[in-house]
Amino acid sequence: MVLQKARVAFQGEPGAFSEAAAVQLLGDAIALARQASLAGSDVTLRVWARMIHIFPWFHSHLRAGRAAIEEAGKWIGDVTARH
């Protein structure tokens, strides 16, 4: 039932972008991407190897955190330019 609701929530949306650390919550990120895809959304899932959970919060100390924020910003710019 929860997955069905997630699929409905993505219908009509311009897309979904998700970044996940490979060590935590990867299964949840994959499930979310799958549901968005099944609902017809374009999906971008970026998995970061050897990163901690919520690593973008540590952008001032982690190069990967800065890169993750930049990728998310580019994705948002691309999507908003199309819609």
In deg cm²/dmol and to the nearest 500, what is the mean residue ellipticity at 222 nm of the chain if only DSSP H runs of at least 4 residues count, each as -39500 (n - 2.57), divided by the residue total?
-> -16500 deg cm²/dmol
Under a GNM of the chain (C-alpha, springs under 10 Å), which listed residue has the highest mean-square fluctuation: Arg66, Arg34, Arg50?
-> Arg50
Express the relative contact order of the chain as a whole percentage, based on alpha carbon pairs under 8 Å and six or more residues apart in sequence.
-> 30 percent
For Phe17, other-chain or 5+-apart residues with amide H closer than 5 Å (H placed, Pro excluded) are Thr44
Calculate the spin-label point distance for Leu38 paired with His83, positioning each point 7 Å from the Cα along the beta-carbon direction, and give it in nanometres.
-> 2.2 nm
Honestly the range 37-80 on the Cα gyration tensor test (a ≥ b ≥ c root eigenvalues; a/c under 1.5 rounded, otherwise a/b vs b/c for prolate or oblate) is just oblate
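FYI, it's all coordinate maths here, none of it is from the lab. Since the model is a prediction, treat every value here as computed from it, not as a measurement. Quick reminder, even Gly has a Cβ in these numbers, built from the backbone with ideal geometry, and neighbours come from all protein chains shown.
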